[in-house]
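Novice: Let me begin by handing over the structure; questions about it come next.
Please treat every number below as a calculation from the coordinates, not as lab data. Bear in mind the structure is a predicted one, so any value in this text is a computation, not a measurement. Ideal geometry is used to build each Cβ from the backbone, glycine not excepted, and the neighbour counts take in all protein chains shown.
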Amino acid sequence: MEYPRQTNNLIATLRGLPQDHSLAKVRPAYLLGNLIEVLEEKYKFGQVKVEDLIAQNWKQIVGEEYAHRCSPQKVVGGAILRVQVSNSVLRQELQFKQHQILERIHRLPGASIIKAVNFSHG
């Protein structure tokens with residue numbers, strides 16, 4: 001049977017053994033299979049990410065003339081898509097088309113979580 005560290009130290013003192021003064025926490029052991037299941041759920045292994053889905057369909061979303069001058073970067077806060085653009089003129093053009101871009105994104109399966117698109121020059 002496992003006792004708390006304080007109890008073990010008291011027993012060690014009574015038996016004339018050295019005490020355990022480490023700051024490490026004693027944690028229960030977990031099965032490896034359980035750990036893998038938790039990690040798969042947390043990091044969505046084997047599932048298509050929204051960022052990947054948008055990147056694969058980027059030409060259809062923004063159009064051929066804009067696709068090579070901008071690129072989707074990541075989803076922030078679970079709802080905002082960050083897009084990096086090559087210059088400020090393109091950024092403004094895409095902001096005018098933001099509603100149309102959002103409509104095309106929402107047509108993709110599982111991409112309806114995107115609520116806004118943020119264009120940044122950089």
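Novice: Identify the single condition in (1) free of Cβ contacts under 8 Å to residues at least 24 places away in the same chain; (2) surrounded by 11 or more Cβ atoms within 10 Å (Cβ to Cβ); (3) among the charged types (D, E, K, R) that LYS25 does not satisfy, given that it satisfies every other one.
Specialist: With respect to (1) free of Cβ contacts under 8 Å to residues at least 24 places away in the same chain; (2) surrounded by 11 or more Cβ atoms within 10 Å (Cβ to Cβ); (3) among the charged types (D, E, K, R), LYS25 is out only on (2).
Novice: Next question. Of the numbered conditions (1) assigned to a helix (DSSP H, G or I); (2) surrounded by 12 or more Cβ atoms within 10 Å (Cβ to Cβ), THR13 satisfies every one except a single condition; which is it?
Specialist: Of the numbered conditions (1) assigned to a helix (DSSP H, G or I); (2) surrounded by 12 or more Cβ atoms within 10 Å (Cβ to Cβ), the odd one out for THR13 is (2).
Novice: Output the residue which, of all residues in the stretch 57-78 that are among the hydrophobic types (A, V, I, L, M, F, W, C) and in contact with a strand residue (DSSP E or B) (Cβ under 7 Å, 6 or more places away or on another chain), is nearest to SER120 (Cα to Cα).
Specialist: CYS70
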